[in-house]
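Trainee: There's a structure below that I have some questions on.
Any read-out appearing in this document is the output of simple, stated calculations on the displayed coordinates, not a laboratory observation. Every value quoted in this text rests on a predicted model; they were computed, and no experiment measured them. Every residue, glycine among them, receives a Cβ derived from its backbone with ideal geometry; neighbour counts consider all protein chains shown.
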Amino acid sequence: MSDENIGGADRLDKVSRRDLLMAAGLASVGGLAGALAAPTSAVAQTAQPAPRAASGNTGTSLGARLRGVQHFGLTVQNMDRAFEFYTQVLGGTEILRDGNFSGDRIQNTLLLAEEIRARQEHVNPRAIGVPDLRSGAQRLDVRFVQFDNVVLELLQYRDRDQPQGTGDSYAPPHNLTSPAYPRSMHICFYIRDDVDFNQFVRDLEAESARRGMTNVKANRIVTAATDQARLALPLDTNTNRITEGPSDGWSLIYCKGPEGEQLEFVQVLGRAKQTFGNAYETRRRAVGGGT
């Protein structure tokens, strides 16, 4: 952070993001498997911190030193729009927001590898999408959103003179959005067992459209040549239900979010739910969470 404005970035060094979440009274997530493995009371119990490994844990495997997935991050073009979708449409709860991050320390923490690559390729780092947090020409804002078993971090990089929340993003979104591209990622949300999956998809698109988020589009299990034709398909085409093999009981659909991000919604019942539950218990015993 610039010398005259020591703030958010320095706080990231003094207090880890996990500590911030714990200070808000929220346990870090153990992952989808934990939610599938046990009822709510048991999940709450297993969400407590696992026993610490002995100090100087040189002989402890890396996996045994992890507590699980803490959050997924999504860089957005419009922070307020994305925040509205994940809190008001999907029902997440704001944990905290912070911003105006800049300076050497945050630049190196987040972007050092890209800067090294730019030097190796003899190009200006801006040409490969690296913002200048170092001088403060660009700033980073973040908001954390809590769901039942996962935390989502929204990030926006913007020019210094752009307002937080609604200001223009530093860089344009990727045009190539197919999930088939290597390094593409998606966020998967777990739908409760008693929810009508088909109706959930229809309501999600309708509520998003009502808010002007017409780019929230869910796929169907049959072919459609246009968005209009896709929306006119029968309700029962909204869900891909797997009814055989190891994934028996798994239902899913892919959907684009308001920022063009790739989302997945799943419902896990039957054989698939049992498989995930068994795997969770095996993992818990292996890392010392129970016998």
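Trainee: Rounded to the nearest 0.05, what FRET efficiency do Y254 and Q70 have when you use their Cβ-Cβ distance and R0 = 35 Å?
Mentor: Working: r = 24 Å, r/R0 = 0.70.
It comes out at approximately 0.90.
Trainee: Need the full-extension length gain, R210 to H122, defined as separation in residues times 0.36 nm minus the C-alpha distance. One decimal, nm.
Mentor: Values: separation 88, 0.36 × 88 = 31.68 nm, distance 4.74 nm.
Full extension from R210 to H122 adds 26.9 nm.
Trainee: Compute the Rg/Rh shape ratio of segment 173-291: radius of gyration over Kirkwood radius, all on alpha-carbon atoms. Spell out each step's value before the answer.
Mentor: Values: Rg = 16.8 Å, Rh = 16.1 Å.
Reported Rg/Rh, Kirkwood definition of Rh: 1.04.
Trainee: Suppose each label sits 7 Å from its Cα in the direction of the beta carbon; what would the N219-E153 distance come out to in nanometres?
Mentor: Roughly 2.8 nm, to one decimal.
Trainee: Return the loop-located trypsin sites (Lys or Arg not before Pro) in segment 189-239 (DSSP other than H, G, I, E, B) with at most 11 other Cβ atoms within 10 Å of their own Cβ; answer none if there are none.
Mentor: Values: sites: R192, R202, R210, R211, K217, R220, R230; in loops: R192, R211, R220.
Here the sparse-neighbourhood loop sites are R192.
Trainee: Among bridges DSSP assigns within segment 173-291, what percent are antiparallel (round to 5)?
Mentor: Working: 11 of 15 bridges.
The antiparallel fraction comes to roughly 75 percent.
Trainee: Can you check what the net charge comes to around W250, using other residues whose Cβ is under 13 Å from the Cβ of W250 (Lys, Arg +1; Asp, Glu -1)?
Mentor: Working: positive: R241, R271, K273; negative: D193, E244, D248, E264.
Neighbour charge sum, excluding W250 itself: -1.
Trainee: For a label point 7 Å from the Cα of H174 along Cα→C-beta, name the residues of segment 248-272 whose backbone N is under 15 Å from it.
Mentor: 256-257, 259-264, by backbone N distance to the label point.
Trainee: Taking the simple approach of a point 7 Å from Cα along Cα-to-Cβ for both Q164 and R202, what is their distance in nm?
Mentor: In this crude label model, Q164 to R202 measures out at 4.1 nm.
Trainee: Can you figure out the FRET efficiency of A137 with D227, using R₀ = 41 Å and their beta-carbon distance, to the nearest 0.05?
Mentor: Details: r = 39 Å, r/R0 = 0.94.
About 0.60, to the nearest 0.05.
Trainee: May I pose another question? Go through segment 195-291 and name the GluC sites (Glu not before Pro) that are in a DSSP coil and have 15 or fewer other Cβ atoms within 10 Å of their Cβ.
Mentor: Numbers: sites: E205, E207, E244, E259, E261, E264, E281; in loops: E244, E259, E261.
Those that pass, being in a loop and sparsely packed, are E244.
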